[in-house]
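Trainee: Below is a structure I'd like to ask you about.
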Amino acid sequence: MPGGDQQVLRFFHVDFDAFYAAIEQRDNPQLQSKPVVVGAAPGRRGVVAACSYEARSYGIHSAMPIGQARRLCPHAVFLRPRMDVYVEESRRLMTLLGRYSPDVQQVSIDEAFVDVAGLQRMWGPPMELARSIRKATVDERALRVSIGGASSRYFAKLASAQCKPDGLLLLEPGTEREFLASLQLTDLWGVGASTIERLHDRGVRSVTQLLGLDRTTSEAMLGEGASRYLSTIAAGSDPGVFSRRRRSHSVSSESTFASDTSSRPALRKVLLSLCHRVVDRMAEQGVESRTLVVKVRDAKFRTRTVRRSRDRPFASAAEAYRHACELLELRWDGKVALRLLGVGFADVRLIEPGQGDLFDDRAARVRTVERTVARLAKSTTAPITKASLMRHRPP
């Protein structure tokens, strides 16, 4: 069956393997061939941000609690993240990819889509081009990469996942359905645990069974939206999840405490820090939101969220903080100790030109001051922060 309207292998999905851990092993040769875990320090709360493939052989994976990772592999090397190093390495790698194609779409710090249409005259067939990219990343950056290729971005990503680590898999157009039949349901990107659970409950346990469902049966099982998504994939077409059109998304940050706390001043201080962190990120991205979300998790791992939507965007961290404090009281009785707080914005949208008039004068002034301070903090070695966020106040 043809893979949609595109009948040529057009996209590479380039995925740098175990990115954070690979950089640490590269920069410190003594870590080569050792299980490396990047994340929170042992003995402190937090999760695994990334781990080497040596660590994965012990069952460690991203987002796993750091304590569990330590129990699985006590002799692993545990490192705190060096985000500035990882971000700079990502920039260099994207520049490298840009030498091969004028159309590189970065989708995360360690992965990108490369449009290779029309590049054969310069670089040769897709397989030759992919090998050139892989060689360059090893020779110039000492990092290994997995590349999947297909007629659509979605299937290119599926292909790269199947050849990790340090692999290369190019799908010939028209073979998408055959390729799907070789996968597990959990391999389908964008198909979550709840959807798979519903499929299992109804006896569908393989991609082959899924491909055999008619539209009516699929809609009855999963609903119209999920059914349409899966039927598009089953036809070998791209469901459009990696479209260049900017979609609504969320921006959030959270903090896990070293010990459970029910101290209202301490929790409010964390809320203030989180609000500044998230609002700063939104300013850098040029986005805004009308919906604030607060997340709490108590000592029994019960997680609750609460949101507030308004008719105009939140203008500043100070404004977000005021509402976040109110939302915290709606989801916390002030007695149960909390282990985590999170703040985020949902339904984030690009700021349209000229929208500064939406804010009143005071809100606009606060917004300007906050962004000026944020820029100063990044351009100087002297720490600049709100007095209430300082660990020790001066006498």
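Trainee: Among residues belonging to the stretch 82-104 that are surrounded by 15 or more Cβ atoms within 10 Å (Cβ to Cβ) and polar (S, T, N, Q), point out the one that is nearest to Val145 (Cα to Cα).
Mentor: Only one residue tops the list, namely Ser90.
Trainee: Let me ask something additional. Is at least one residue of the stretch 180-194 more than 23 Å from the chain's Cα centre (by Cα), part of a helix (DSSP H, G or I) and modelled with pLDDT of 85 or more?
Mentor: Checked the stretch 180-194: at least one residue is more than 23 Å from the chain's Cα centre (by Cα), part of a helix (DSSP H, G or I) and modelled with pLDDT of 85 or more.
Trainee: Which number in (1) closer than 30 Å to Lys157 by Cα; (2) without any contact (Cβ under 8 Å) to a residue 12 or more places away in the chain; (3) of a type in the set (Gly, Ala, Ser) marks the one condition that Ser263 misses?
Mentor: (1)
Trainee: Moving on to the next point. Quick one: Pro394 ticks every box in (1) at pLDDT below 80; (2) assigned by TED's automatic domain parsing to the domain that holds Asp260 bar one, so which box is it?
Mentor: With (1) at pLDDT below 80; (2) assigned by TED's automatic domain parsing to the domain that holds Asp260 applied to Pro394, the lone miss is (2).
Trainee: With a cut-off of at least 1 residues that are free of Cβ contacts under 8 Å to residues at least 12 places away in the same chain and in contact with a Leu (Cβ under 7 Å, 6 or more places away or on another chain), name the strands (runs of 3 or more DSSP E) lying wholly within the stretch 11-118. I'd like the intermediate steps shown before the answer.
Mentor: Numbers: elements: 11-16, 36-39, 48-51, 77-79, 104-108, 111-115.
Qualifying strands (runs of 3 or more DSSP E): 104-108.
Trainee: Could you list, in sequence order, the residues of the stretch 328-344 that are touching a Lys or Arg at 6+ places or on another chain (Cβ under 6 Å) and either part of a helix (DSSP H, G or I) or exposed (fewer than 15 other Cβ atoms within 10 Å of the Cβ) (or both)? Give the derivation first.
Mentor: Filtering the stretch 328-344 down to residues touching a Lys or Arg at 6+ places or on another chain (Cβ under 6 Å) leaves 331, 339-340, 342.
Scanning the stretch 328-344 gives a single hit, Arg331.
Trainee: Name the single residue that is modelled with the highest pLDDT among those in the stretch 246-267 being over 19 Å from Pro65 (Cα atoms), small (Gly, Ala, Ser) and in a strand (DSSP E or B).
Mentor: In this case the residue turns out to be Ser252.
Trainee: Considering the stretch 161-194 alone, what residues qualify as being in contact (Cβ under 8 Å) with a residue 60 or more places away in the chain and hydroxyl-bearing (Ser, Thr, Tyr)?
Mentor: Taking the stretch 161-194 and keeping what is in contact (Cβ under 8 Å) with a residue 60 or more places away in the chain, we get 161, 164-166, 170-177.
Answer for the stretch 161-194, where residues must be in contact (Cβ under 8 Å) with a residue 60 or more places away in the chain and hydroxyl-bearing (Ser, Thr, Tyr): just Thr175.
Trainee: Kindly provide the set of residues from the stretch 106-155 that are surrounded by 16 or more Cβ atoms within 10 Å (Cβ to Cβ), farther than 26 Å from Thr175 by Cβ and of a type in the set (Gly, Ala, Ser), ordered by number.
Mentor: Listed by number, the list holds a single entry, Ala136.
Trainee: Taking the stated definitions as given, is Ser132 within 30 Å of Leu96 (Cα to Cα) and assigned to a helix (DSSP H, G or I)? Let's see the steps before the verdict.
Mentor: Numbers: within 30 Å of Leu96 (Cα to Cα): yes; assigned to a helix (DSSP H, G or I): yes.
Yes; evaluated as a whole, the condition is true for this residue.
To keep it simple, each residue is scored yes or no on (1) over 17 Å from the mean Cα position of the chain (by Cα); (2) surrounded by 14 or more Cβ atoms within 10 Å (Cβ to Cβ).
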residue: Asp17; (1), (2): no, yes
residue: Gln30; (1), (2): yes, no
residue: Ala50; (1), (2): no, yes
residue: Tyr53; (1), (2): yes, yes
residue: Arg80; (1), (2): yes, no
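Trainee: Let me ask something additional. When you look at Leu96, is it assigned by TED's automatic domain parsing to the domain that holds Arg26, on the phi < 0 side of the Ramachandran plot and touching a strand residue (DSSP E or B) at 6+ places or on another chain (Cβ under 6 Å), yes or no? Walk me through it before giving the result.
Mentor: On the way: assigned by TED's automatic domain parsing to the domain that holds Arg26: yes; on the phi < 0 side of the Ramachandran plot: yes; touching a strand residue (DSSP E or B) at 6+ places or on another chain (Cβ under 6 Å): no.
The answer is no for Leu96.
Trainee: Taking the stated definitions as given, is Glu172 assigned to a loop (DSSP other than H, G, I, E, B), over 20 Å from the mean Cα position of the chain (by Cα) and closer than 24 Å to Val114 by Cα? Don't jump to the end; show me each part of the working.
Mentor: Values: assigned to a loop (DSSP other than H, G, I, E, B): yes; over 20 Å from the mean Cα position of the chain (by Cα): yes; closer than 24 Å to Val114 by Cα: yes.
Yes, satisfied.
The values are calculated or read from the model by the stated rules, or taken from the named source; none is laboratory data. Owing to the predicted nature of the structure, the values given are computational and were not obtained by experimental measurement. Backbone-built Cβ (ideal geometry, glycine too); neighbour counts: all protein chains shown.
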